[in-house]
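Here's the structure, in structure tokens; my notes come after.
The values are calculated or read from the model by the stated rules, or taken from the named source; none is laboratory data. Model, not experiment: these values are computed from the prediction. Please note: Cβ atoms are built from the backbone with ideal geometry, for glycine as well, and neighbour counts cover all protein chains shown. Calculation scope for accessible area: heavy atoms of the full protein, side chains included, ligands and nucleic acids excluded. Shrake-Rupley method; radii C 1.70, N 1.55, O 1.52, S 1.80 Å.
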Amino acid sequence: MTPSDLRPRPSHALIRTVITSYAYGHNDAPRGDALRVDTRPLRNPPEDLVVRHRMLHSNGLDPQVRDYVLASPGAAQLIERSLYRARTLLELPNDGRRVDLHVLCGGGRHRSVVVAEELATRIRRTGCGVETEHLHIDRPILHVTWQPELTDHQLLALRLLARGHTHTQIAVILRVKPETAGQLIHGVRTALRARTLPHAVAIGSEIGLLGQPRSS
């Protein structure tokens with residue numbers, strides 16, 4: 001990455017919007033009135049064991065990181081919702097004021113950069129001038145301990161999955177109906193933002209959730 005990657009990227013039209021990406025984990029958030037876009041619910045490359053080695057030291061200007069983040073569940077809806085809010089304000093009579101957006105994620109290198117650039121691209125298509133600025137794209141990677149919210153039964157189900165138990169066996173061990181066991185396992189995948197059950201187990205191991213399961 002060259003220094004030019006870090007500078008604001010203007011379009012040729014009159015600048016009406018500045019989109020700034022930043023990290024919630026750093027203590028120098030951008031100031032001023034702006035629409036806030038929180039990308040933290042999206043999948044984060046550094047937390048995904050499958051892509052972390054390849055993407056950890058990249059950023060949201062990398063096409064692979066961009067594709068990964070935009071494929072996250074909820075990414076399209078977040079971008080469309082944010083675009084609608086911005087365009088609604090931009091379509092008001094122009095009194096010379098800008099409509100700025102502040103896009104945040106945990107470390108300011110991946111999700112917020114991707115979403116900021118995507119919003120800028122789409123707003124430019126409407127004929128509005130846009131600048132993007134990525135405050136923390138070159139900052140050291142934050143090592144934030146992420147702890148998903150799991151119920152006691154979901155945690156037990158995860159630990160039993162890690163030991164190789166099947167859906168039916170987990171239902172027997174936990175003394176619940178198979179349908180309930182299925183709901184628990186689905187809840188585990190959702191809470192861990194996992195694509196598959198092996199992926200859920202891998203994430204659980206990485207963040208220290210696995211231990212000796214106890215039967216009830």
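At-a-glance table
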| item | result |
| --- | --- |
| In segment 116-135, the residues that are among the basic types (Lys, Arg) and either buried (at least 22 other Cβ atoms within 10 Å of the Cβ) or not in a helix (DSSP H, G or I) (or both) | 125 |
| Residue 157 in a helix (DSSP H, G or I) and over 27 Å from residue 42 (Cα atoms) | no |
| Qualifying residue in segment 143-155 (condition: at pLDDT below 90 and crowded, with 21+ Cβ neighbours inside 10 Å) | no |
| Flag for residue 85 being surrounded by fewer than 16 Cβ atoms within 10 Å (Cβ to Cβ), at pLDDT 90 or above and outside any loop (DSSP other than H, G, I, E, B) | yes |
| Residue within segment 16-33 that is at pLDDT 80 or above and within 24 Å of residue 196 (Cβ to Cβ) present | no |
| Residue within segment 101-115 that is open to solvent by less than 30 Å² (accessible area, probe 1.4 Å), farther than 13 Å from residue 39 by Cα and not β-branched (Val, Ile, Thr) present | no |
| Tabulated pairs, segment 35-60, first touching a residue at least 12 places away in the same chain (Cβ under 8 Å) and within 14 Å of residue 202 (Cα to Cα), second outside any helix (DSSP H, G or I) and open to solvent by 30 Å² or more (accessible area, probe 1.4 Å), C-beta under 7 angstrom, 6+ apart or interchain | 46/56; 46/141; 47/146 |
| Segment 160-180, subset touching a residue at least 12 places away in the same chain (Cβ under 8 Å) and surrounded by 20 or more Cβ atoms within 10 Å (Cβ to Cβ), residue farthest from residue 41 (Cα to Cα) | 170 |
| Hits in segment 12-66 (condition: under 16 Å from the mean Cα position of the chain (by Cα) and small (Gly, Ala, Ser)) | 21, 23, 25, 58, 60 |
| Options 81, 122, 87, 109: the member that is charged (D, E, K, R) and touching a His at 6+ places or on another chain (Cβ under 9 Å) | 109 |
| Inter-residue pairs, beta-carbon under 7 Å, first closer than 22 Å to residue 75 by Cβ and in segment 181-208, second assigned to a helix (DSSP H, G or I) and of a type in the set (D, E, K, R), 6+ apart | 200/189 |
